Amino acid sequence: MNKLKVIILDDEQEALDLLSGLLTATGKVEIIKTLQDPLKLESSVATLNPDAVFTDIQMPKYNGLEILENLREYRPELPVIYVSAHKEFALEASKYSPFRYLLKPVNRRELNHTIDHIISYLDKINQEETSGNNKISLSVKNGLIYINFDEIFSLTAEGNYTKIKLTDGKGYLSSYNLGRLHDKIGNNQFVRINRQTVVNNNYLKEINKKEKYCIIKANGIEEKVKVSNTFLKSINKEL
């Protein structure tokens, strides 16, 4: 995989700079955000979709142990690595099952091993998600769903999240944005019909070029959705 995209959280600027330098020096990490305010972490994760988060534990007016518990609600697979100068937090932190607990000052060899472990972990997840020709596992709020491609009716952007609608009418909210989720599925069976919507090509029943809409239908579910000029041009090329 490419370089790990990480967010670092620490209320002390000196600690941020030091860890940033150590991570960058590995040549395996791209730091996409550094934060000193814990309250900005969740929105940053939702917006930037990092591969991992490195965070301090003891911060003013905020217990870093709560961070993992909150993030697990919508990014259960996200590796969260605690970086703390206090050994006494290790036992309590273990209750939240963090990916790793590193003590300050951070040992370069241990940090490098942690990064390699993250890369292996994420590669394994990607392999599981794309294993087989017709099935995929997707991260959703409170966990994972395992579904066949034919079960997916449509994907709809909801801010930085994506609503997954299945052919049985059930809906799930994914922590991935629409573009990333579409890439992860990586299947020609799915087509982006407008900026906000990806549909299962098998369920396209009608395309009205003049009025710029399409009809998708499966198992009694029928929807009329606007289509973009880009989509219509791609259809014209196929004809």
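Values quoted throughout were computed directly from the atomic coordinates according to the rules given, and no laboratory measurement underlies them. Small disclaimer: the values here were computed from a predicted structure and weren't measured. Cβ coordinates were reconstructed from backbone atoms using ideal geometry, including for glycine residues, and neighbour counts include every protein chain displayed.
Each Lys or Arg adds one and each Asp or Glu subtracts one; over the other residues with Cβ under 11 Å from the Cβ of S44, this totals 0. In the chain, helical runs assigned H by DSSP with n ≥ 4 each contribute -39500 (n - 2.57); averaged across all residues and rounded to the nearest 500, the mean residue ellipticity at 222 nm is -9500 deg cm²/dmol. Under 5 Å between amide hydrogens, built in the peptide plane, is the criterion, and for K5 it picks out E30, D51, A52 among residues at least 5 positions away or on other chains. For the chain, a Gaussian network of Cα nodes joined below 10 Å ranks A25, A15, A52 by mean-square fluctuation, and the top entry is A25. Remark: region 39-101 projects, on average over all directions, an area of 4.1 nm² (convex hull of Cα atoms). Backbone amide hydrogens, once placed in the peptide plane, bring V83 within less than 5 Å of T55, D56, I57, L102, excluding anything fewer than 5 places away on its chain.
Here region 4-130 is treated with +1 on each Lys and Arg Cβ and -1 on each Asp and Glu Cβ, and its dipole about the Cα centre works out to around 240 debye. Between V227 and Y213, C214, the built amide H atoms are under 5 Å apart, and every one of these is 5 or more places off in sequence or on another chain. Computing Rg and the Kirkwood Rh from the Cα coordinates of the chain gives a ratio, Rg/Rh, of 1.06. Loop-located GluC sites (Glu not before Pro) in region 168-239 (DSSP state other than H, G, I, E, B) with a sparse environment of at most 14 neighbouring Cβ atoms within 10 Å: E211. How much of the pair distance distribution for region 135-238 lies past 15 Å, counting alpha-carbon pairs only, in percent? Of all Cα-Cα pairs in region 135-238, 60 percent lie more than 15 Å apart. A simple charge model with +1 on the Cβ of Lys and Arg, -1 on the Cβ of Asp and Glu and nothing else charged puts the dipole of the chain at about 1100 debye relative to its Cα centre.
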